[in-house]
Amino acid sequence: MRITVFGANGPTGRHLTGQALAAGHQVVAVTRRPGSLTPRPGLTVAVADATDPAAVAPAIEGADAVLSALGTRFSTSAITTYSASATAITDAMGHHGVKRLLVVSSSIADPEWRPSGAYFFNHVLDPLVNRRLGRTLHEDMRRMEGVIRRTGLDWTFVRPSGLFQHPVVTAYRTAETSADGVFTARTDLAASMLREMDEGRYVRTAMGVITTEVKPSIAKLIWNEGVRKK
C-alpha cells in the first residue's frame with residue numbers, strides 16, 4: 001500500500017514511518033525538515049508545510065491512505081496547526097480521490113473521558129495540564145475533528161491518552177470514542193494506526209488507544225510532551 005504520512009519526522013511520525021516501511025508499505029513522508037529523515041528503501045520524502053494546500057496536494061496524489069501524526073507544543077496563544085492542516089489535507093484528498101484518512105487527535109476531545117481509578121489525574125493533572133495549559137491546543141484539535149467530520153472521507157480519529165516514549169510495541173488496547181486509560185506509548189499509537197488502516201474497524205468514528213503494560217513518570221511526561229522545546 002502507498003501511504004502518505006504527515007508529521008513524519010515527529011516523535012510519533014518516526015515510529016509510524018518505520019513501522020509502515022517494515023510492514024512493506026511504500027511511504028511518502030511529508031516534512032518541513034527533509035534532512036532529519038534517513039533514506040530507506042520504500043521511502044519518499046516530500047518537503048511541504050502541512051497547512052499549505054499547494055504544497056500538500058502533490059504528496060497526496062496516488063496515495064491509498066493518508067495518516068497524520070502532526071503535533072505541536074502547548075501555548076498560551078491561539079493554535080491553528082491542526083485545523084489548518086486538516087483543511088489542506090482533506091481538500092487535497094478530495095481533489096485526488098483519496099478516501100482513507102487516519103489522524104492523531106486526543107482522548108481530551110471526548111468530553112466524557114475520565115479514566116477510571118485515576119483520582120489524581122482526573123482531579124489535579126487533567127484540569128491543570130490538559131484543560132488549562134493545553135487549552136488552546138485541544139481547542140484546535142476539536143476544530144480539526146469538526147473539519148474532517150464535514151467531509152465525505154473514510155476518516156478515523158485516533159485518540160491516545162498521555163503520550164510517552166517506549167522502545168517496543170506492547171499489547172495495547174483500543175475502544176470506540178476513547179479508551180479507559182491514562183497513558184499511550186507512541187509505538188502503540190503508530191501500531192494501532194497501521195492496524196486500523198488495514199482492518200477498518202473504526203471508520204467514520206474515533207478510536208481510543210491506551211497502553212497498559214508499562215507506565216511512564218508523570219512528571220517526565222508533562223515536561224517532555226507539553227513543556228520542553230524541541
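If you take the charge dipole of the chain about its Cα centre, with +1 on Lys and Arg Cβ and -1 on Asp and Glu Cβ, which of Val158, Leu125, Leu102 is farthest toward its positive end?
The Cα lying farthest towards the positive end belongs to Leu125.
Leaving ligands, DNA and RNA out of it, report the carbon-plus-sulfur percent of the accessible area of the chain at a 1.4 Å probe.
53
For region 36-142, which GluC sites (Glu not before Pro) pass both filters: DSSP loop (anything but H, G, I, E, B) and at most 11 other C-beta atoms within 10 Å?
The qualifying sites are Glu112.
Which net charge results when you count Lys and Arg as +1 and Asp and Glu as -1 among the other residues whose beta-carbon is under 15 Å from that of Val56?
That works out to -3.
For Glu139 paired with Asp110, estimate the spin-label separation in nm (one decimal), with each label point 7 Å from Cα along the Cα-to-Cβ line.
2.4
Take every DSSP beta bridge whose two residues both sit in the chain, then give the antiparallel share in percent to the nearest 5.
10
The values are calculated or read from the model by the stated rules, or taken from the named source; none is laboratory data. What you are looking at is a predicted structure, and each value in this text was computed from that prediction instead of being measured. Don't worry about glycine lacking a Cβ; one is built from the backbone with ideal geometry, like all the others, and counts go over all protein chains shown. Each accessible area value is taken on the protein alone, full model and side chains, heavy atoms only, with ligands, DNA and RNA left out. Shrake-Rupley method; radii C 1.70, N 1.55, O 1.52, S 1.80 Å.
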